[in-house]
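The values are calculated or read from the model by the stated rules, or taken from the named source; none is laboratory data. None of these values were measured; they are calculated from a predicted model. For neighbour counting, all protein chains shown are included, and Cβ atoms are generated from backbone atoms with ideal geometry for every residue, glycine included. Side chains are part of the model used for accessible areas, which takes the heavy atoms of the whole protein and leaves out ligands, DNA and RNA. Shrake-Rupley method; radii C 1.70, N 1.55, O 1.52, S 1.80 Å.
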Amino acid sequence: MRIISIMSTKGGVGKTTIATNLALALQNFNRQTVLFDFNFTSPHVSLYLNFLNAEKTLNNFLKNECNFNEILYKHSSGLTIVPTSLSLKDVANVDLNLKNVIEENLKNFEFVIIDSAPGLGKEALISLNSCNEIIFVANPDLLSIFDIAKTYKFINSLENKPIVWGIILNKVSNKPYELRKEEVEKYTGLPVLASIKENKKFIESLNERIPAYFFDSKVREEFNLLAAKIAGIPYERKSLIERIIGRFLKRI
């Protein structure tokens, strides 16, 4: 089992977008995947997946109000999700390590994707201590990259540190003032795993309550490539004509 925490050093960089669509792409490759929402004060996974009526959540489990199987929900895509309560009154005191809970209850899954809280506060440390792999999400700006370099240095100082695979650059628009991939890699010492372009389809899909992975073919292709790289799955980018034919076949 691979437990991968999707982390960011600040809010607003698109971490939940990345975590959700990556999990959907892994599931699309028939890799049994669970998506955890570990952001207890500002949970967004349920909003992205239009899953707002969970009777039991991770909060209930942590307060010993239900068993773990009661908080596993199957999304229409086949992805399994563990939601966190959208209500602040349900915030629970959380142990700083849930890795044992994950490993004991999700033995049949290949990937566990954790949508971490931003920064390095208590909530983010739960994700850090509960995973064995980390992928950072950042925007191509100096502040975002500076904080990742600092956080990466902190993680390397830990005794039982997880593997840090690299950075996903999000909201890339190739403006002259943006940091280039080579600059990010040189400054942080981490590889850039993917550069996800700025795309209004992410906002449109959220408003339509459809995950971007299913809403737009370009988004789907970007995340298929990313998931294939992370999972070690042979996969080549589809050509324009293949995408056009695919859209046509779906309509008939």
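Filter region 119-161 for residues that are acidic (Asp, Glu) and at pLDDT 90 or above; which is farthest from GLU185 (Cα to Cα)?
Checked region 119-161; the qualifying residue farthest from GLU185 (Cα to Cα) is GLU133.
Give me the helices (runs of 4 or more DSSP H) completely within region 1-82, filtered to those with at least 2 residues that are over 20 Å from ASP216 (Cα atoms), ordered by residue number.
It comes to 58-62.
Can you find, within region 82-105, the residue that is surrounded by the most Cβ atoms within 10 Å (Cβ to Cβ) among those that are of a type in the set (A, V, I, L, M), at pLDDT 85 or above and within 18 Å of the chain's Cα centre (by Cα)?
Among those residues, the one meeting the criterion is VAL82.
Could you go through region 62-69 and let me know if any residue there is of a type outside the set (Ser, Thr, Tyr), within 17 Å of PHE109 (Cα to Cα) and open to solvent by less than 20 Å² (accessible area, probe 1.4 Å).
Within region 62-69, one or more residues are of a type outside the set (Ser, Thr, Tyr), within 17 Å of PHE109 (Cα to Cα) and open to solvent by less than 20 Å² (accessible area, probe 1.4 Å).
Starting from region 107-129, keep only residues that are hydroxyl-bearing (Ser, Thr, Tyr), then list their pairs with residues that are in a loop (DSSP other than H, G, I, E, B) and buried (at least 20 other Cβ atoms within 10 Å of the Cβ) whose Cβ atoms are within a distance under 8 Å, requiring at least 6 positions of separation or different chains.
SER116/SER8; SER116/PHE38; SER116/ASN39; SER127/PHE38; SER127/SER116; SER127/ALA117
Within region 196-215, can one find any residue that is touching a Gly at 6+ places or on another chain (Cβ under 7 Å) and at negative phi?
There is no residue in region 196-215 that is touching a Gly at 6+ places or on another chain (Cβ under 7 Å) and at negative phi.
Among (1) over 17 Å from the mean Cα position of the chain (by Cα); (2) more than 27 Å from VAL164 (Cα to Cα); (3) modelled with pLDDT of 90 or more, there is one condition ASN59 misses while meeting the rest; what is its number?
(3)
Looking at LYS150, LYS186 in this structure, which one is farther than 26 Å from GLN27 by Cβ, charged (D, E, K, R) and in contact (Cβ under 8 Å) with a residue 60 or more places away in the chain?
Going through LYS150, LYS186 in turn, the sole match is LYS150.
Go through the residues of region 32-50 one by one and say whether even a single one is among the polar types (S, T, N, Q), open to solvent by 60 Å² or more (accessible area, probe 1.4 Å) and free of Cβ contacts under 8 Å to residues at least 24 places away in the same chain.
no
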